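In what follows, a structure is listed as structure tokens, so that the remarks can point back to it.
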Amino acid sequence: MTQSEIEAIIERYGRKESSILSILQDIQTREKYLPREALEYVGEKLQIPLNKIYRIATFYRALSLMPRGRHEVCVCMGTACHVRGAQRVLDQLKLELGIAPGETTKDLNFTLETVNCLGVCAAGPVVAIDGQYFGKMNPTKVEGTLKQFRSDKKKEAADGKA
Amino acid sequence: MGRLSSPQELEKYREGIRRRRDPHQAFITVCGGTGCHASGCHAVVDAFKKVIQEKAKGNGVGLRVTGCHGFCERGPLVVLHPQKVLYQRVKPEDAPKIFEETVLNGKIVESLLYEHPTTGEKIVSEEEVPFYKKQMRIIFGNNGSIDPAQIEDYLAVGGYQALCKALFSMKPEEVIREVKKANLRGRGGGGFPAGLKWEQCRNAPGEIKYVICNADEGDPGAYMDRSLLEGNPHSVLEGMIIGAYAIGAHEGYVFVRHEYPLAVVNIGIAIQQARELGLLGKEILGSGFSFDVQISRGGGAFVAGESTALMATIEGNVGEPRAKHIHTVISGLWDRPTNLNNVETWANVPLIIDRGADWYTQIGTEGSKGTKIFSLVGKVNNTGLVEVPMGITLREIVYDIGGGIPGGKKLKAVQTGGPSGGCIPESLIDLPVDFDRLTEVGSMMGSGGMIVMDESTCMVDVAKYFMNFLKDESCGKCTSCREGTRRMHEILMEITEGRGTLDHLDLLEELGWVTAEASLCALGGTAPNPVLSTLRYFRDEYKEHILNKRCPAKVCRALLKYRILSDVCTMCGRCAKACPVEAISGKVKTKKEKGIPFKIDEQKCIKCGMCFESCKFEAIEVQ
Ligand SMILES: Cc1cc2nc3c(=O)[nH]c(=O)nc-3n(C[C@H](O)[C@H](O)[C@H](O)COP(=O)(O)O)c2cc1C
Ligand code: FES
């Protein structure tokens with residue numbers, strides 16, 4: 001992200017200190033995380049101390065300081081999904097991807113996240129991959145669902161196995 | 001259309017819209033709510049577009065993508081107007097048939113109708129479906145017929161009529177009096193009387209005041225605020241404008257959770273359209289009253305839905321609550337008098353002003369007037385959003401509207417109030433649902449999550465689930481909340497993993513009491529509720545975990561044992577393939593070979609349950 005792009009975002013919110021969360025969210029959407037340089041730049045331009053920006057960046061779930069994978073796998077751990085077995089879906093995803101929630105695979109292909117209700121409880125348990133909802137999940141559906149998002153090498157391996 | 005500068009102009013504009021709309025004209029509505037999205041309504045919309053383009057040829061068949069109809073279980077939903085024929089679980093391939101048969105020839109496509117679960121009778125009309133029949137959809141009903149991105153649709157059903165009435169025939173004090181008389185109580189959690197709050201805010205000293213709509217909807221398992229904002233954003237906006245007029249505020253915020261991108265888009269469109277028509281902005285409808293609204297997105301923190309934390313977030317600070325020695329109606333956003341209400345609370349306002357408090361108070365119970373939208377989810381047949389009059393019994397909601405429990409299982413409990421609420425046992429199923437009754441039994445109304453649990457739900461696990469949620473979401477400002485939730489979660493872990501003792505139960509109660517008493521905001525103040533209510537009604541289940549190291553609902557993994565019944569095993573080998581840790585051995589039976597029944601190595605087994613899921617012959621037993 002170039003400085004002029006960040007500048008455009010800051011401008012869009014009228015250069016107000018109070019818009020800091022919206023500005024960070026927009027950078028997050030673009031970059032999928034908050035690069036340090038971007039935070040420093042925003043801090044300088046809005047005269048916000050870097051420690052305050054970090055405090056906000058680490059408080060909200062929607063913001064991340066670590067680079068994210070190409071695909072975000074988001075498991076709903078809301079109550080409705082929980083009583084229908086979301087934990088077991090998450091466990092299976094952890095096994096398949098070899099990472100814990102909040103982590104990214106080594107090849108930067110997947111980031112695993114949990115969320116507390118996606119608002120599609122009727123379809124629970126729900127997993128959202130890059131914003132696309134997969135409803136009525138269960139552990140046995142995990143592998144097949146991930147397949148279409150695998151990077152090529154992994155995909156072949158998975159195809160071969162199936 | 002430019003800005004409308006008087007109520008007469010609005011009425012003329014509305015008349016024009018209505019005149020252009022023939023009430024007998026055929027139009028197709030497809031539910032575009034998030035639930036139907038997840039089940040593929042987009043492809044259905046595209047299919048209809050194609051058919052209409054090809055076949056309707058100027059016939060004037062309308063297509064409308066609406067907000068959530070509530071019956072998410074059966075999505076994608078399609079309703080044909082004016083007859084109101086409901087088709088459920090519609091696939092894109094069905095579109096041409098629906099168009100040919102129903103739209104053009106008035107015939108019904110039987111296979112797409114909803115079938116009564118007990119009588120097997122096919123039901124044609126939306127209103128006759130049991131799911132809708134017992135509901136009273138005064139707030140939510142319009143969702144099914146209006147396109148949220150078209151202000152004309154809202155105007156056609158009488159939108160902004162209440163605003164006209166308030167601005168031109170009522171003084172601000174009269175508006176407040178009406179809302180007080182209606183006894184409208186906040187739908188976001190606490191149930192605080194909205195009229196009283198408005199009055200305090202109006203009377204607070206200060207020139208600049210704010211109104212805020214709380215659409216943070218943090219309760220995991222609830223989505224009615226989302227559906228209202230997505231499906232009928234103007235009703236919320238109209239409520240806010242009326243409230244602002246009554247309070248004397250000229251600026252407002254809608255605070256939306258970032259997980260709800262469509263809600264952000266739709267309320268944004270609504271604000272834009274209202275501004276263009278002069279229903280928002282300077283001198284609304286030429287009245288001399290000015291008010292405008294901005295959107296603020298949340299960052300995904302449950303505690304940021306609390307009033308003071310929410311205001312801190314809008315100010316650009318970290319969303320932590322503060323002590324409320326001085327209420328936010330006196331000193332809130334930027335230290336100015338601020339009135340915060342929930343999405344659904346705001347949506348009630350136009351109705352109260354339009355039809356009057358006398359009409360409104362006929363609905364509901366002594367202390368709770370009007371309706372409430374619940375998100376009926378979990379182990380229930382008809383999951384979805386239901387709007388019911390206050391005072392309806394849990395039984396009616398779960399059985400008549402919800403269609404009972406799937407798979408012939410037994411109802412065990414109903415959880416209401418989100419993480420601050422409690423579990424109501426099956427024995428209290430005839431409880432009338434209103435603010436006060438729910439509090440009496442140790443739960444609360446909350447924002448309207450209603451999670452149905454059956455015998456395969458473990459109540460200790462549910463308590464652990466909520467405590468895990470709360471310990472993660474506690475902002476950490478108060479030691480009692482930060483540490484209390486953590487310790488309670490640890491104890492519940494011990495119990496569910498077979499290391500519990502009876503002393504733990506007393507300790508839980510004590511910790512719960514301290515956490516509630518010593519914490520600043522309602523997060524800590526209500527945090528023990530899930531534990532205390534399950535201890536109150538399901539103590540035996542806790543004891544079973546502790547004394548016999550058994551989880552009767554077969555949920556707590558550490559206490560389970562998986563075993564393959566060798567006499568039932570067909571030696572298909574599916575379980576061994578599914579096992580992620582190669583803990584299952586045996587030999588597949590083929591035409592040539594006899595095979596060896598499969599067996600689980602307990603040492604290796606991680607109890608993931610994959611074998612159980614994969615077995616088609618019920619050969620795997622869980623103990
Ligand atoms: C931890 C916590 C989270 C809350 N989350 C929400 C929420 O997501 N939505 C909401 O409307 N109210 C929420 N509330 C309640 C608000 O503080 C506030 O009471 C409410 O928005 C007022 O509106 P009402 O009077 O119309 O209900 C929460 C309260 C607490 C303590
Ligand atoms: S609980 Fe999972 S979508 Fe609501």
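What follows is calculated from the coordinates using simple rules that are stated; it is not laboratory data. Bear in mind the structure is a predicted one, so any value in this text is a computation, not a measurement. Ideal geometry is used to build each Cβ from the backbone, glycine not excepted, and the neighbour counts take in all protein chains shown.
Return the ratio Rg/(2.2 N^0.38 Å) for segment B:151-360, where Rg is computed over Cα atoms only. Don't skip to the end; give the middle numbers.
Details: Rg = 15.6 Å, N = 210, 2.2 N^0.38 = 16.8 Å.
Against the empirical 2.2 N^0.38 Å value, I get 0.93 for segment B:151-360.
For the cross-link pairs A:136/B:410; B:464/B:543; B:134/B:181; B:50/B:97; B:589/B:616, which exceed 18 Å when the distance is taken from alpha carbon to alpha carbon?
Details: A:136/B:410 21 Å; B:464/B:543 15 Å; B:134/B:181 26 Å; B:50/B:97 13 Å; B:589/B:616 15 Å.
Pairs exceeding 18 Å: A:136/B:410; B:134/B:181.
Looking only at other chains, what is the average number of their beta-carbon atoms within 10 angstrom of each beta-carbon in A:60-66? All intermediate terms of the calculation are to be shown ahead of the outcome.
Numbers: counts 9, 9, 8, 3, 0, 0, 0.
For this peptide, the per-residue mean of nearby foreign Cβ atoms is 4.
So which aspartates and glutamates can residue B:471 reach, going by Cα to Cα under 13 Å and dropping same-chain residues fewer than 8 places off?
Within reach: B:483, B:490.
With only alpha-carbon pairs counted, each pair once and no self-pairs, how large is the Kirkwood hydrodynamic radius of the protein assembly as shown in angstroms?
Working: mean 1/r = 0.0359 Å⁻¹.
For the protein assembly as shown, the Kirkwood estimate is 27.8 Å.
Quick one: order B:202, A:12 by neighbouring beta-carbon count within 10 Å, fewest to most. Before the final figure, lay out the partial values.
Values: B:202 19, A:12 12.
Ordered by Cβ neighbours within 10 Å, fewest first: A:12, B:202.
Neighbour counts of other C-beta atoms within 10 Å: give me A:141, B:412 arranged from fewest to most. Intermediate values should be presented prior to the final figure.
On the way: A:141 16, B:412 23.
Listing A:141, B:412 from fewest to most nearby Cβ atoms yields A:141, B:412.
From the Cα gyration tensor of chain A, with a ≥ b ≥ c the square roots of its eigenvalues, which class applies: rounded if a/c is under 1.5, or else prolate if a/b is larger than b/c, or else oblate? If you can, show how the numbers build up before the last one.
Working: a/c = 2.76, a/b = 1.85, b/c = 1.49.
It comes out prolate by the Cα gyration axes.
Roughly what percent of Cα-Cα pairs across segment B:560-622 reach past 16 Å?
Values: 671 of 1953 pairs.
Roughly 34 percent, rounded to a whole number.
Mind checking the full-extension length gain between residue B:590 and residue B:46? Use 0.36 nm per residue of separation minus the Cα-Cα distance, one decimal, nm.
Details: separation 544, 0.36 × 544 = 195.84 nm, distance 4.76 nm.
The residue B:590-residue B:46 span can extend by a further 191.1 nm.
How many percent of the alpha carbon pairs in chain B exceed a separation of 43 Å? All intermediate terms of the calculation are to be shown ahead of the outcome.
Details: 56539 of 193753 pairs.
So the pairs more than 43 Å apart make up 29 percent of the total in chain B.
Apply the a/c threshold of 1.5 to the C-alpha gyration tensor of segment B:254-392 and tell me whether it is rounded, prolate or oblate. Let's see the in-between values first.
On the way: a/c = 1.42, a/b = 1.15, b/c = 1.23.
Judged from the Cα gyration tensor, segment B:254-392 comes out rounded (a/c under 1.5).
On a full-extension model of 0.36 nm per residue, what is the gain between residue B:566 and residue B:12, subtracting their alpha-carbon distance, rounded to one decimal in nm?
Values: separation 554, 0.36 × 554 = 199.44 nm, distance 7.85 nm.
Full extension of this stretch gives 191.6 nm more.
Taking beta carbons within 10 Å but only from partner chains, what does the mean come to for residues A:68-78? Let's see the in-between values first.
Numbers: counts 0, 0, 0, 0, 0, 0, 1, 0, 3, 5, 11.
Averaged over the peptide's residues, the number is 2.
Label-point separation (nm) for residue A:66 and residue A:100, each offset 7 Å from Cα along Cα-to-Cβ?
With each label point 7 Å from Cα toward Cβ, the separation is 0.9 nm.
Can you find, among B:241, B:469, B:303, the residue farthest towards the positive end of the dipole of chain B? Put +1 on the C-beta of Lys and Arg, -1 on that of Asp and Glu.
Farthest along the dipole direction, towards plus: B:469.
Which shape class, rounded, prolate or oblate, goes with segment A:71-159 when its Cα gyration tensor gives a ≥ b ≥ c as root eigenvalues, a/c under 1.5 marks rounded, and past that a/b bigger than b/c marks prolate?
Details: a/c = 1.91, a/b = 1.68, b/c = 1.14.
Prolate.
Just to check I understand the Karplus step: with θ = phi - 60° and J = 6.51 cos²θ - 1.76 cosθ + 1.60, what whole-Hz values come out for segment B:592-605, glycine and proline as x?
My calculation for segment B:592-605 gives 8, 9, 6, x, 10, x, 7, 9, 9, 7, 4, 5, 8, 4 Hz in order.
Taking every DSSP beta bridge that has both residues in the protein assembly as shown, what percent is antiparallel when rounded to the nearest 5?
Values: 42 of 74 bridges.
Close to 55 percent.
Past the 28 Å Cα-Cα mark, which pairs from B:554/B:594; B:49/B:165; B:91/B:122; B:180/B:324?
Details: B:554/B:594 34 Å; B:49/B:165 39 Å; B:91/B:122 19 Å; B:180/B:324 23 Å.
Flagged as over cut-off: B:554/B:594; B:49/B:165.
Rank-order A:58-69, B:530-541, B:584-595, B:235-246 by packing density, defined as the average count of other C-beta atoms within 10 Å over each peptide's residues, highest first. Write down the numbers at each step before the final one.
On the way: A:58-69: 17.2, B:530-541: 20.8, B:584-595: 12.8, B:235-246: 27.7.
In decreasing order of mean packing, A:58-69, B:530-541, B:584-595, B:235-246 become B:235-246, B:530-541, A:58-69, B:584-595.
How many nm is it between the label spots at residue B:603 and residue B:1, if each spot is 7 Å from the Cα in line with the beta carbon?
That separation, rounded to one decimal, is 7.7 nm.
From the gyration tensor of the Cα coordinates in segment B:131-234, what semi-axes in whole Å does the equivalent ellipsoid have, largest first, with each one equal to sqrt(5λ)? It would help to have the intermediate numbers written out before the result.
Details: eigenvalues 136, 77, 42 Å².
With the √(5λ) rule applied to segment B:131-234, the semi-axes are 26, 20, 15 Å.
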